1. Residues being of a type in the set (D, E, K, R) and either in contact with a His (Cβ under 6 Å, 6 or more places away or on another chain) or farther than 19 Å from Tyr390 by Cβ (or both): count how many of those fall in region 120-152.
2. Can you say whether Asp21 is surrounded by 12 or more Cβ atoms within 10 Å (Cβ to Cβ) and touching a Leu at 6+ places or on another chain (Cβ under 8 Å), as far as the supplied structure shows?
3. Determine if region 92-100 includes at least one residue that is over 21 Å from Ala34 (Cβ atoms), in contact with a Lys or Arg (Cβ under 8 Å, 6 or more places away or on another chain), away from the ligand (no atom under 13 Å from the Cβ) and in a loop (DSSP other than H, G, I, E, B).
4. Filter region 123-174 down to residues that are free of Cβ contacts under 8 Å to residues at least 60 places away in the same chain and not in a helix (DSSP H, G or I) and give me whichever is nearest to Pro302 (Cα to Cα).
5. Tyr236 is checked against (1) of a type outside the set (A, V, I, L, M); (2) touching a Pro at 6+ places or on another chain (Cβ under 8 Å); (3) within 30 Å of Ser351 (Cβ to Cβ) and fails just one. What number does that condition carry?
6. Do any strands (runs of 3 or more DSSP E) entirely within region 196-304 hold 2 or more residues that are closer than 16 Å to Asp165 by Cα, out of contact with any Phe, Trp or Tyr (no Cβ under 9 Å at 6 or more places or on another chain) and of a type in the set (Val, Ile, Thr), and if so, which?
7. When only residues in region 89-126 that are out of contact with any strand residue (DSSP E or B) (no Cβ under 6 Å at 6 or more places or on another chain) and polar (S, T, N, Q) count, which is surrounded by the most Cβ atoms within 10 Å (Cβ to Cβ)?
8. So, in region 16-31, exactly how many residues are touching a residue at least 12 places away in the same chain (Cβ under 8 Å), under 25 Å from Asp63 (Cβ atoms) and not small (Gly, Ala, Ser)?
Amino acid sequence: MRFTPPIDPTSAAALARHDLDFRLVDTADRADFAPWLQADVRGFLGSRMSDELLDNYMPGIADRRTTGVYDASAAEPAVTVATVNSWQTALTVPGHRDVPAWGISSVTVAPTHRRRGIARAMLESELRVTAAQGIPLAILTVSESTIYSRFGFAPASLTTDLEIDTRRAIWKGPQPQGRVHFVAVETLREQVLPLIEAKRLATPGEIATWPHLWDRTFGLASDDKSAKDKLRGIRYDDAEGEPRGFALYTIDDNETHYSEHNVNVLSLVATTDDAYAGLWSHLLELDLVSKLTVPLRSTDEPLRHLVSDFRAVHDVNTRDHLWIRIVDVEAALTARTYSAPLDLVLEVTDSLDFAAGTYRLVVESGEASVTPSDATPDITLSVNELSSIYLGGFSAQTYVRAGLIGEHVPDAAAHLDRAFHSSVTPHLPVWF
Ligand SMILES: CC(C)(COP(=O)(O)OP(=O)(O)OC[C@H]1O[C@@H](n2cnc3c(N)ncnc32)[C@H](O)[C@@H]1OP(=O)(O)O)[C@@H](O)C(=O)NCCC(=O)NCCS
């Protein structure tokens, strides 16, 4: 039986002072869970879910720790006025390893109850729950980048949406050795999880995903039947016939300019360079298509170097994506490997106190040891900046220039950057 940490008494007391009830939601009880889900989608401006969609959705996320805030004086007191769910996952860190991470999702507060401290109570509660379970850090993806810094989170990886002009992006990469197959979406759905899992440890910033996420991606958890019917799935098999990757896409209608269709690539996962070549060259060479739109790609896609015109691959929206909040400095910093030796004393500040302290960080042969220290710090940084540079996706020297990291000895940030460098650009390819 999965352990669900009980409701956090500090936040429950803070909300009770406003006559609000903070409690765990019983995800096995439809009468309790369905109104929570309706409140969640309403919070993200979505449509009311049908009974059929609720039936599909609920089992997929029922194992999460699901909390709600209730207002007995509201017209519909059974409907949650604030939602959060969370679960233990695994975050890939440099060195082909992962670290336990507390994933936080579905953070909503009803517009009728906004800006009276409900989200603060719920998020502080999530951080206490993270620390109490001995999980070194919490993670989330955000609707707005203005909300979470105050809780110690910071962006740790970027993502970019690409638009590719296929008339200019002529494939010049290696000839794929295998072949592409069309596969019915329902069948492909069954085949992708091992491929996704095989790739996960290769890229810092990836997380262990879950079947329901792919139901959503594959349109199987949607009330929109037409969106589902538009999905096309392809699988790449290597020369030996082993599946090595897949892509999922839809095509926008274009009756006016029939040879200029737009393909939306919703997902493209390749576990080998050969599969990467096979899937991308296939998509770039589709007839009657002039543009690919491809959300949530790495800022460091090899694709640009594999086509005839670098500028045919446009970044249309580069932004923060994965946000990290370290709660246990020693456990987080020792979980990853490092690119250069280091011996520095770090003063970490944290307005919520979880990570605050002075630590000596020593790196030898790529492995870190972290000990509390009374020595004079070489560098002072808040838990936000530490969380941001954690995967090697952001630079300590840039934060020094921005006045957010204080260097007390010359080149301390440069040393930190050399050690924290990741040879693979951190990237998370999903929303959660
Ligand atoms: C974002 C949201 C959860 C905030 O809930 P809330 O209960 O109004 O927030 P709180 O009253 O607890 O505010 C906590 C702090 O965050 C700040 N804050 C809240 N929402 C903010 C926003 N959208 N942008 C910037 N700051 C915000 C508050 O000013 C407050 O700051 P302070 O405590 O430092 O003074 C709520 O507005 C919401 O549901 N938005 C739509 C869904 C969404 O975007 N959720 C986030 C998903 S990642």
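1. 4
2. Yes; evaluated as a whole, the condition is true for this residue.
3. Checked against the condition, which is being over 21 Å from Ala34 (Cβ atoms), in contact with a Lys or Arg (Cβ under 8 Å, 6 or more places away or on another chain), away from the ligand (no atom under 13 Å from the Cβ) and in a loop (DSSP other than H, G, I, E, B), region 92-100 yields at least one hit.
4. The residue in question is Glu144.
5. (3)
6. On the way: elements: 232-237, 243-252, 261-270, 289-297.
It comes to 289-297.
7. Here the answer is Ser125.
8. Result for region 16-31: 7.
The values are calculated or read from the model by the stated rules, or taken from the named source; none is laboratory data. Here the structure is a predicted model, which means the values were calculated and not measured. Note that each Cβ is placed from the backbone with ideal geometry, even for glycine, and that neighbours are counted across all protein chains shown.
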